[in-house]
Structures are given as C-alpha cells and as structure tokens.
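All of the numbers you see were taken from the coordinates with simple rules; none came from a lab. Nothing here was measured: the structure is a model prediction, and the numbers come from that model. With ideal geometry, Cβ positions are generated from the backbone for all residues, glycine too; neighbour counts draw on all protein chains shown.
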Amino acid sequence: MHMAADDLSSDTSRQADSSTEEGKEPSKPKQPSMSLRNRLLFFLVAWLIVLMPVLFWWDTWFGRELSDSQITAYLQDEKHPRHIQHALVQIGDRMTRHDASVSRWYPELLRLASHPVEEVRNTDAWVMGQDTSGPGFHDMLLKMLGDSSAMVRGNAALSLVRFGDSSGRAQIVALLQPAKIITPIDGQLIDAAKQETAIHQGGLVAKIQSGNHTMEIRSPISGRIQQVFAVNGAKVTAGAEVARVEPGPEQAWEALRALYFIGELEDLPAIQRYMHETSEIPDRLRQQAVATERAIRERAVKRNPT
C-alpha cells in the first residue's frame, strides 16, 4: 500500500514538473461573452437614462426659444399649463426687447388673466408689466389685485409700479411679511416640515388627518419655514396657524425695489427687518433695504420740508 502511494505521488510530481518545464499553465474556464444583441440593448438603456432627463429639461425650460406658431399653439394648450407659461415667458422676453410683433398676442394676455391655474395667472401678471402701452393691461392688473392668490396679487402690484401706479402698495408690503399657513379643517397634524427648511411655492408644509380624509397644506410662497406651531400628532382646529414661511430673497428684493419708488413712512417697519446684518439676509438684499428706507425718508422730507 505504501509503495503504491509513493509511486502515484512520484508519477504526479513528475507530471507537474513536466508541465512546468514545458511552460504550460492549467487552463482556466472561459468567461461567457455578452452577445451583440445584449450589448446593444445595454448601450440603448444607458443612452436613454442619460437622454430622458435632458429631453424633459429641454421640454420644460422656459428659456427655449419658440417660433411664432409655437407660441400661438402653446397659449391654447389647456392640457399643459406649463406650455402656456413657456409661451408667456417668451412673449415677456420679446417685450423687453421692444419687439412690436408680440402685440398680436396681447388679447391672449388679457384672456389668461382669469385662467384657473394660479401659475399661469402669476406669469401673466408679470408679463403685462413689461409693456405699459399694452391696451387694457393697466385695468386688468388693477382687477388682479383682488386675485385669490397672494403671489398673483403681488405680481400684479409689482407690474403696476411700472405704470406709475401705487394702488398695489399694500400687496407689495405683504410680500415682505412671512406667510401664515392656516389649517382649514380640524384634525391631527402629521408630516409637518421642519423649521428652517427651504421650501418652494406649492411645497408641502404639513398634512392634516381628519377621520379617513387627509388634507395637504402647501406653501403659497417660496422661502424658508420660519416657525412651526404644532408638533406631529398634535390636534389642530380650523383657522389655526400651523406654520409661518419667511419670503425668499428674490421675492423680498423685488418688493423692496418697488417700494423704493412708492413706499411710505408706514412701510418702514416691514423694510427695516431686512436691514440687519445676519447670515439669513444676503448683503444684496440688505443694501436694497437701506436704499429703500433712504428714498422713502427723502420723499417724506420733500413733501413736508418743515
């Protein structure tokens, strides 16, 4: 038995030495290669993953230039309100370049002032302020000061300043104030946003659970959650303030710039809160607040020099 084992071991050793001497390595199993069809499918999927976001961005980017026929079609596209907004932005851009050809769409601007979608009315109010000679624009903007949306009222008021009309001064001062988020129903507060959270207009602030019904409460403005007045799980009653949203820098800057021209002394408390040197107030915004306060005081002195 030992002799047979030794012979077998010796034979195996000689075979291994022989293979080594001849420079041969043990063969490795071949890796299965991807077929041409699978390879093409792989690249197609990867290409689509990259392409789809680009196409979505291209389709929704308001800076993409539209032809005249596209603008006309987009203004009538009730199924896609963002197409209407896109056309309005393009019209506004042409108006700032003093392109007289856009007057063909002015009747559409008046029609869209009563559009059911808030974002469309909001954009429309801004566009009408780009041409103070537009027939009917001034009167329509005055009507929009009574819109149900605070943002539409604010944009209408800002546009009226271009007409030399201060009728919307109260709405402009309101743009500097935090937005109060009110619950319209009784219920239990759930999914409340955290304090200091940045939020976009229409962003979710909280949900109210009332029986089997859940209502979402969204922010009317873009900005920052300044304060939340109830914790998740707390009972709230209809009409109660559940949160407060601080206006974003762009909104505040536009309001301060408008009040530079039409602001009054009683508006100063709302303006002065933006004059403090804090990390929450950008320097550009603080400088505009300082300039606006100075302009208001100088106007007051000219009216009453004594």
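Annotations
- Restricting the trypsin sites (Lys or Arg not before Pro) of the range 122-219 to loop positions (DSSP other than H, G, I, E, B) with no more than 13 neighbouring Cβ atoms within 10 Å leaves Lys194.
- Check: the range 100-252 dipole with +1 on Lys, Arg Cβ and -1 on Asp, Glu Cβ, in debye: 140 debye
- 3J(HN,Hα) from dihedral phi, the range 215-230, Karplus parametrisation 6.51/-1.76/1.60, rounded to Hz, x for glycine, proline: 10, 8, 10, 10, 7, x, 9, 8, x, 9, 5, 6, 7, 10, 9, 9
- Phi-based couplings in Hz for the range 189-205 (Karplus 6.51, -1.76, 1.60; Gly and Pro marked x): 6, 9, 6, 6, 5, 7, 4, 6, 6, 6, 9, 9, 4, x, x, 6, 9
- Cleavage-rule hits (GluC sites (Glu not before Pro)) in the range 75-141: DSSP loop, at most 14 neighbouring Cβ within 10 angstrom: Glu78
- The range 249-293, Cα convex hull volume normalised per residue, Å³: 57 Å³
- Loop-located chymotrypsin sites (Phe, Trp or Tyr not before Pro) in the range 58-149 (DSSP state not H, G, I, E or B) with no more than 15 neighbouring Cβ atoms inside 10 Å: Trp61, Phe62.
- Fully extending the segment from Ala295 to Ile281, taken as 0.36 nm per residue of separation minus the present Cα-Cα distance, adds 3.0 nm.
- In a reduced charge model with +1 at each Lys and Arg Cβ and -1 at each Asp and Glu Cβ, the range 248-306 shows a dipole moment near 300 debye about its Cα centre.
- Computed about the Cα centre, the dipole magnitude for the range 54-167 is approximately 80 debye when only Lys and Arg (+1) and Asp and Glu (-1) carry charge, each at its Cβ.
- Counting other Cβ atoms within 10 Å as a rough exposure proxy, the listed residues Asp283, Asp165 run Asp283, Asp165 from fewest neighbours to most.
- Long-range HN-HN contacts of Ser222 with modeled amide H, under 5 Å: Gln201, Gly248
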